[in-house]
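Novice: Here's a structure for you.
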Amino acid sequence: MKADVLLGLQWGDEGKGKIVDVLTSKYDIIARFQGGPNAGHTLEFEGIKHVLHTIPSGIFHKNVTNLIGNGVVIDPVIFKKEISGIKSTNIPTSTLLISKKAHLILPTHKLIDAASEKAKGKEKIGSTLKGIGPTYMDKTGRNGLRVGDISSPEFKAKYEKLKSKHIQILNFYDYQYDLEEIEKKWFDALVTLKEFKHIDSEHYIHNAIKEGKKILSEGAQGTLLDVDFGSYPYVTSSNTITAGACTGLGIAPNAIGQVFGIFKAYCTRVGSGPFPTELFDEVGARIGKIGNEFGATTGRARRCGWIDIPALKYAININGVTKLMMMKADVLSGIDVIKACTHYEINGKKIDYLPFEDNSNLKPIYTEMKGWNMDLTDLKNLSNAPKELHDYINWLEKILETPITIVSVGPDRMQTLYK
Ligand code: GDP
Ligand code: IMO
Ligand code: MG
């Protein structure tokens, strides 16, 4: 048995949470492999909306194990809040397992994130301020604290040592803070984190694969936010790509099965950084309004634009995507002309790839297609969709050389069409 991977192909918020929830009934284990509470994965069913940050999106299904992998970074305070939110719906959380090797976000990591962003001024990354960058820096700098350390008698001493390092860093910045209260909350929340099973998750995953269990690895953020391949430095601090599922769960590359690539029928980006197809006109505003494009974690308005084919092709190649899933087709209903960027122009030259050089100077070259006017949100079968939507899907499949297997037409679990 091989482990499947589901991840975002754009700048995050593609609708990963919804599709993981839709697919969960086919799996035994849902495992998050990277990122942390910078993620906001939205699920809607039976009239209720849930936003998950650290916990895998399979949690609302019975008989499924949910695992937070070693590649994830955990803020105990946010974790505690998520757990109480899930418990309030009477969903059991006892099926949740946590890797001993997952790193902890300390209160001072969040402070350093905020201080660093403030110091950057206009050049800020637009971080979610959840302490992600500083926590991964301590991981690769070999200073971090991990979930498995919590039960060690030296935990407090290790914590104090790292905290004093952080205070020295904070002294470097012109940044005011009050640590006492947030630190108290953090230690209170550790009690909740301790109540869960902390495991050697790579062994668990290895055995599960051997026993023929079906595993879905859930990505966070998106390929264009990957620390190596995204629009650096305007990226997150982890590998958001398929390779991240290998390092973030301990899955061997040859044990990866299907790779599901999730993308919106258009593009959004929250935070700073280049966005070649960004729209500043009424069409962009319309997409943002109808698509309700506000960050699930920070509430910030998402920047909106047309679909970007060179960027999508790049993401498909890096991830080895085997099946595509197109989200939010309903949001484009009623737009007369739909545009898709097929090339960029830079310094008078036409190119069809994302170059190393400053991507903010790329001028998109568009192909235009006729839009559709039908409300798709009640559609039960893709065969009843308007011809223009079929044309868009067929055109995308051809140019991306990958099949589209799901078309999503609304936020609810049921608003999912299969091809
Ligand atoms: P994720 O981070 O990839 O899980 O995505 P988010 O949850 O941050 O953002 C996706 C948003 O779009 C959420 O508010 C979803 O409820 C919503 N959504 C998902 N699929 C669809 C869809 O097909 N149509 C519409 N209108 N909304 C959708
Ligand atoms: P999901 O999993 C969209 C963006 C931030 C910022 C950059 C760095 O919900 O798709 P960070 O806090 O990671 O240091 O921020 O990355 N970002 C996301 N954008 N969706 C996300 O997650 C994101 N997680 C981080 O806005 O530009
Ligand atoms: Mg999100």
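The values are calculated or read from the model by the stated rules, or taken from the named source; none is laboratory data. Since we're looking at a predicted model, the values are computed, not measured. Heads up, the Cβs are rebuilt from the backbone with ideal geometry, glycines too, and the neighbour counts pull from every protein chain shown. Note: accessible area is taken over every heavy atom of the protein model, side chains too, but ligands, DNA and RNA are not part of it. Shrake-Rupley method; radii C 1.70, N 1.55, O 1.52, S 1.80 Å.
Novice: Normalised by the residues of the chain, what does the relative contact order come to in percent, with Cα pairs under 8 Å and at least six apart?
Specialist: Averaging sequence separation for qualifying contacts and normalising by length gives 21 percent for the chain.
Novice: I would also like to ask the following. Which of 296, 310, 145 sits farthest toward the positive end of the charge dipole of the chain, with +1 on the Cβ of Lys and Arg and -1 on the Cβ of Asp and Glu?
Specialist: Toward the positive end, the furthest listed residue is 145.
Novice: Top mean-square fluctuation among 226, 391, 281, Gaussian network model of the chain, C-alpha springs under 10 Å?
Specialist: Result: 281 has the largest fluctuation of those listed.
Novice: Also: Is the stretch 1-59 rounded, prolate or oblate when judged by the Cα gyration tensor, a ≥ b ≥ c being the square roots of its eigenvalues, rounded requiring a/c under 1.5 and prolate requiring a/b larger than b/c?
Specialist: oblate
Novice: Could you sort 55-65, 408-418 so that the peptide with the highest average Cβ count within 10 Å comes first and the rest follow in order?
Specialist: Top of the packing list down: 55-65, 408-418.
Novice: Something else now. How many Å² of accessible area per residue for the chain, probe 1.4 Å?
Specialist: 44 Å²
Novice: While we're here: Could you give the angle, 0 to 90 degrees to the nearest 10, between helix 107-120's Cα long axis and the longest principal axis of the Cα atoms of the chain?
Specialist: The helix 107-120 is inclined about 50 degrees to the chain.
Novice: A further question follows. Given the stretch 314-419, what count of lysine pairs have C-alpha atoms under 18 Å apart, with each pair 8 or more places apart or on different chains?
Specialist: Count of close lysine pairs: 20.
Novice: Charges only on Cβ, +1 for Lys and Arg, -1 for Asp and Glu: so what's the dipole of the chain about the Cα centre, in debye to the nearest 20?
Specialist: 740 debye
Novice: Given C-alpha coordinates of the stretch 283-372, what is the ratio Rg to Rh with the Kirkwood estimate of Rh?
Specialist: On the Cα set of the stretch 283-372, Rg over Rh gives 0.99.
Novice: Once phi is turned into ³J(HN,Hα) by the Karplus curve 6.51 cos²θ - 1.76 cosθ + 1.60 with θ = phi - 60°, what whole-Hz value does each residue of the stretch 70-79 show in order, with x for glycine and proline?
Specialist: Karplus-based 3J(HN,Hα) across the stretch 70-79 equals 4, x, 8, 10, 10, 9, x, 5, 5, 4 Hz.
Novice: Grab the DSSP H runs of the chain that are 4 residues or longer, score each as -39,500 (n - 2.57), total them, divide by all residues and round the 222 nm result to the nearest 500 deg cm²/dmol.
Specialist: When only DSSP H runs of four or more count, the value is -9500 deg cm²/dmol.
Novice: If you take the square roots of the eigenvalues of the alpha-carbon gyration tensor of the stretch 64-111 and sort them as a ≥ b ≥ c, do you get rounded (a/c under 1.5), prolate (a/b over b/c) or oblate?
Specialist: Oblate is the answer for the stretch 64-111, as a/c is 1.5 or above yet b/c matches or exceeds a/b.
Novice: Ok, one more. Which one, 182, 112, 48, has the greatest fluctuation when you compute a Gaussian network model over the chain with C-alpha springs under 10 angstrom?
Specialist: Largest GNM mean-square fluctuation: 48.
Novice: Carbon and sulfur: what percent of the chain's accessible surface (1.4 Å probe)?
Specialist: Answer for the chain is 52 percent, counting heavy atoms of protein chains only.
Novice: Using Cα springs under 10 Å in a Gaussian network model of the chain, which residue among 297, 342, 367 shows the largest mean-square fluctuation?
Specialist: 367
Novice: Please list the equivalent ellipsoid semi-axes of the chain, computed as the square roots of five times the alpha-carbon gyration tensor eigenvalues, in descending order and whole angstrom.
Specialist: Working through the eigenvalues yields semi-axes of 35, 26, 19 Å.
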